[in-house]
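Peer 1: Questions regarding the structure given below will be posed in turn.
The values are calculated or read from the model by the stated rules, or taken from the named source; none is laboratory data. Remember, predicted model here, so these are calculated numbers, not experimental data. So basically every Cβ, Gly included, is an ideal-geometry build from the backbone, and we count neighbours across all protein chains shown. With ligands, DNA and RNA removed, areas are computed over all heavy atoms of the protein, side chains included. Shrake-Rupley method; radii C 1.70, N 1.55, O 1.52, S 1.80 Å.
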Amino acid sequence: MKLIERYILRRVGIMFLAVFCAAIGITWTVQVLQRINFLTSSGQSLATAIQFFSLFIPSVIPLVMPFALVIAITQTLSTMNQDSELVVINASGSPRTAVIRPILLFAAMLSVVSFLVANFVDPYARYNMRSMLANASADLLNVVVQEGNFRKLSDNLYVQIAERNTDGSIGGMFIADSRDANIDLVYYALNGSIVNNNGSDVLLMNNGEIQRRDVKTGSVSIIKFDQYAFDLSQFTDASGDMVLYAKDRHLSYLMNPDKNDPTFQTKPLQYRAELHKRLSNWIYPFVFAMIALVLAGDARSHREARVSASFSAISLSLVVYWAGYFVSDRAEKNASLIPVMYLIPLGVIALCLYILFSGRSLSLPASWSDKIQDISEQTASRFRGITERITGRKNTSGGQS
């Protein structure tokens, strides 16, 4: 690889890492905030919660990677164009491939990484995530039996204990049950324990009372008991079984799914669509790199570059990605759309290759660019006018005072 190619590759790589890490951090934070209940209500340790949330990262990588790449390429090439570096490269007699080759090599490498993550790392992470959810649901002791905290088992049902003893028994229990719209039930008990009765978890309460209030009439009745059993099995999956969907399966399983899989029997076309989605989506880093090269790979004067290359490349990439996503989503119900999942990225690549090696350039029509520029100038002019009026009024009021 030539010196200029290594220079371009290094600049694109550094910019890509910066954008990619920032996008992954933002996306991961959003995922954590959406599922913060897992940390606050499941009773899991901080280390377990961090491990759980980190399993979302592999599913985000194939989505973020193409957009981080197109931003990195367009930003790098636009900066090189503004600094006249692209002009110098062309004037020195370097072929056009001196700019294209390192970027396409980098995009091809990212496409391979995207394929490996989407087909091997992400299914493994999803499987572990499902397993952790199943274990957290099955482990009732960690969910309910925590001293001094109210735990929500379901809508309008809360449990609180005062003390958990070393022998496993519970001291002081309170249960508020308002699931029935007509009756409010409150359970008190001095002590108790959680026992397993024929595979079902039961909260066994001793020496307590039940307060029953009729919502309509407001009448209250109190029932004292020596021992009372409250069934908890309906709120947990005691078996710890987990349901795996097409997105959670490895590539080899999607190619040859188990015919007895109940999920596959219910939605067989979903497995087929997921397989072809895995085999087509990994191309998008290369597709976006081609779009960025077409829109920002040539040396252009400031007069020619009326519209930002980054804006044009990102907008076009969003349109292409949305089209692919729309088709893959509809392919779960219509198998005839599966070939279109491949035609969209391959067609964009073919069109970009034709534009690159035919010496053509892709840009908005001059009339469109002029209109966009006029609108931006008018907006800026109006903003300056408003600012001047506000500033003038402040100065006038200050002079009068």
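Peer 1: First check a/c for segment 83-122, with a ≥ b ≥ c the square roots of the eigenvalues of its C-alpha gyration tensor; if it is under 1.5, answer rounded, and if not, answer prolate when a/b is larger than b/c or oblate otherwise.
Peer 2: Prolate shape, in that a/c is at least 1.5 and a/b is the bigger ratio.
Peer 1: From the Cα gyration tensor of segment 149-237, with a ≥ b ≥ c the square roots of its eigenvalues, which class applies: rounded if a/c is under 1.5, or else prolate if a/b is larger than b/c, or else oblate?
Peer 2: prolate
Peer 1: Can you work out the accessible area per residue across segment 149-237, with the rest of the protein chains kept in place, probe 1.4 Å, in square angstrom?
Peer 2: Each residue of segment 149-237 exposes 58 Å² on average to a 1.4 Å probe.
Peer 1: I would also like to ask the following. For segment 149-237, with all protein chains present and a 1.4 Å probe, just round the carbon and sulfur fraction of the accessible area to a whole percent.
Peer 2: 45 percent
Peer 1: What order, most packed first, do the peptides 270-279, 20-29 have when packing is the mean number of other Cβ atoms within 10 Å of each residue?
Peer 2: Packing order, densest peptide first, comes out as 270-279, 20-29.
Peer 1: Which of the residue pairs 152/216; 152/247; 152/259; 152/333 have a Cα-Cα distance greater than 27 Å in the structure shown?
Peer 2: Violating the 27 Å limit, Cα to Cα: 152/247; 152/259; 152/333.
Peer 1: Same structure again: In square angstrom, rounded to the nearest 10, how much accessible surface does residue 101 have for a 1.4 Å probe?
Peer 2: 100 Å²
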